[in-house]
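Comments concern the structure below.
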Amino acid sequence: MVEDLIFCLREAALHFIFDKSSTPKDVSECYMNPPCGCMNPGQNIQCEDCVYLEACLSNFKR
């Protein structure tokens, strides 16, 4: 929950500083160097707890 709050605050700050959202435009960008340290998203079980990946991927609708 604290990680979610920090993520939201970071996104809001970036939006105001750069006047744009830092969310990726393509799904593949979510997997590039995630801040949670997950080296192989989709293959390692520790990636399941990565709040960044969850938030990033939730921006895209299939």
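The values are calculated or read from the model by the stated rules, or taken from the named source; none is laboratory data. Since the model is a prediction, treat every value here as computed from it, not as a measurement. Cβ coordinates were reconstructed from backbone atoms using ideal geometry, including for glycine residues, and neighbour counts include every protein chain displayed. The area values use the complete protein model at the heavy-atom level, side chains included, leaving out ligands, DNA and RNA. Shrake-Rupley method; radii C 1.70, N 1.55, O 1.52, S 1.80 Å.
Mind listing the lone cysteines of the chain, meaning no other Cys beta-carbon sits under 4.7 Å from theirs?
Isolated Cys, the chain: CYS8.
Stretched out fully, how many nm does the piece from GLN46 to ILE6 gain, at 0.36 nm a residue minus the Cα gap?
That pair, GLN46 and ILE6, stretches by 12.4 nm at full extension.
Carbon-plus-sulfur fraction of the accessible area of the chain, 1.4 Å probe, in percent?
C and S atoms contribute 58 percent here.
What's the magnitude of the charge dipole for the chain around its Cα centre, counting Lys and Arg as +1 and Asp and Glu as -1 at the beta-carbon? Answer in Debye, nearest 20. Let's see the in-between values first.
Working: 5 positive and 9 negative charges, 49 e Å.
Rounded to the nearest 20 debye, it is 240 debye.
Per residue, what accessible area does the chain have, given a 1.4 Å probe and all protein chains present, in Å²?
Each residue of the chain exposes 83 Å² on average to a 1.4 Å probe.
Can you sort ILE45, ILE6 by solvent-accessible area, 1.4 Å probe, largest first? Display every interim value, and only then the final one.
Working: ILE45 140, ILE6 105 Å².
I get ILE45, ILE6, largest accessible area first.
Calculate the all-directions average of the projected area of the chain's alpha-carbon convex hull, and give it in nm².
The directionally averaged projection comes out at 4.6 nm².
Could you tell me the accessible area of CYS47 in Å² (1.4 Å probe, neighbours in place), rounded to the nearest ten?
10 Å²
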